[in-house]
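Peer 1: A single structure is presented below for examination.
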Amino acid sequence: QVQLVESGGGLVQPGGSLRLSCAASGSIFGIIAMGWYRQAPGKQRELVARITSGGSTNYADSVKGRFTISRDNGKNLVYLQMNSLKPEDTGVYYCNVEAIASPDYWGQGTQVTVSS
């Protein structure tokens, strides 16, 4: 069975940094991309960053220049380095895996709170 486990969330002051990690275990055939989504209270889940197996990246405009996504395809690991954090970055961050001929896989989420 496939399982995605996120880690690295927590409480940080504005301007601080966090690094999120996601480990995907189990047999996943034909991974297309891995990414991070977040959901704030009362808001829809939104794409934060995405990286394809070929290395192409996409970022939400609100995080571009502050966040960096990276991955290790061989180990099915994806990271999100978050710098210069703002209160509006607060939310539950979810790891996502897109794969050929299968539904998307999701982690349980990790809470990120940016507050003074």
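Peer 1: Return a yes/no flag: does the stretch 73-91 have any residue that is in contact (Cβ under 8 Å) with a residue 40 or more places away in the chain, small (Gly, Ala, Ser), open to solvent by less than 60 Å² (accessible area, probe 1.4 Å) and not in a loop (DSSP other than H, G, I, E, B).
Peer 2: yes
Peer 1: Do we find that residue 116 is in contact (Cβ under 8 Å) with a residue 60 or more places away in the chain, among the polar types (S, T, N, Q) and surrounded by fewer than 15 Cβ atoms within 10 Å (Cβ to Cβ) in this structure?
Peer 2: Here the answer is yes, as residue 116 does meet what is asked.
Peer 1: Would the stretch 48-71 turn up any residue that is under 18 Å from residue 115 (Cα atoms), open to solvent by less than 20 Å² (accessible area, probe 1.4 Å), at pLDDT 95 or above and not in a strand (DSSP E or B)?
Peer 2: Looking for residues that are under 18 Å from residue 115 (Cα atoms), open to solvent by less than 20 Å² (accessible area, probe 1.4 Å), at pLDDT 95 or above and not in a strand (DSSP E or B), one finds at least one in the stretch 48-71, hence yes.
Peer 1: Just give me the residues in the stretch 15-42 being touching a residue at least 24 places away in the same chain (Cβ under 8 Å), more than 17 Å from residue 86 (Cα to Cα) and part of a loop (DSSP other than H, G, I, E, B), in sequence order.
Peer 2: 26, 27, 28, 29, 30
Peer 1: A follow-up question, please. Which condition does residue 35 not pass, out of (1) closer than 22 Å to residue 105 by Cα; (2) out of contact with any Gly (no Cβ under 6 Å at 6 or more places or on another chain); (3) open to solvent by 60 Å² or more (accessible area, probe 1.4 Å), if it passes all the others?
Peer 2: Exception for residue 35: condition (3).
Peer 1: Check residue 96 against each of (1) of a type in the set (S, T, N, Q); (2) farther than 20 Å from residue 31 by Cα; (3) open to solvent by less than 10 Å² (accessible area, probe 1.4 Å) and name the one condition it does not meet.
Peer 2: Of everything listed in (1) of a type in the set (S, T, N, Q); (2) farther than 20 Å from residue 31 by Cα; (3) open to solvent by less than 10 Å² (accessible area, probe 1.4 Å), residue 96 misses just condition (2).
The values are calculated or read from the model by the stated rules, or taken from the named source; none is laboratory data. As the structure is a computational prediction, the values presented were derived from the model and not from experiment. Cβ: placed from backbone, ideal geometry, glycine included. Neighbour counts: every protein chain shown. Each accessible area value is taken on the protein alone, full model and side chains, heavy atoms only, with ligands, DNA and RNA left out. Shrake-Rupley method; radii C 1.70, N 1.55, O 1.52, S 1.80 Å.
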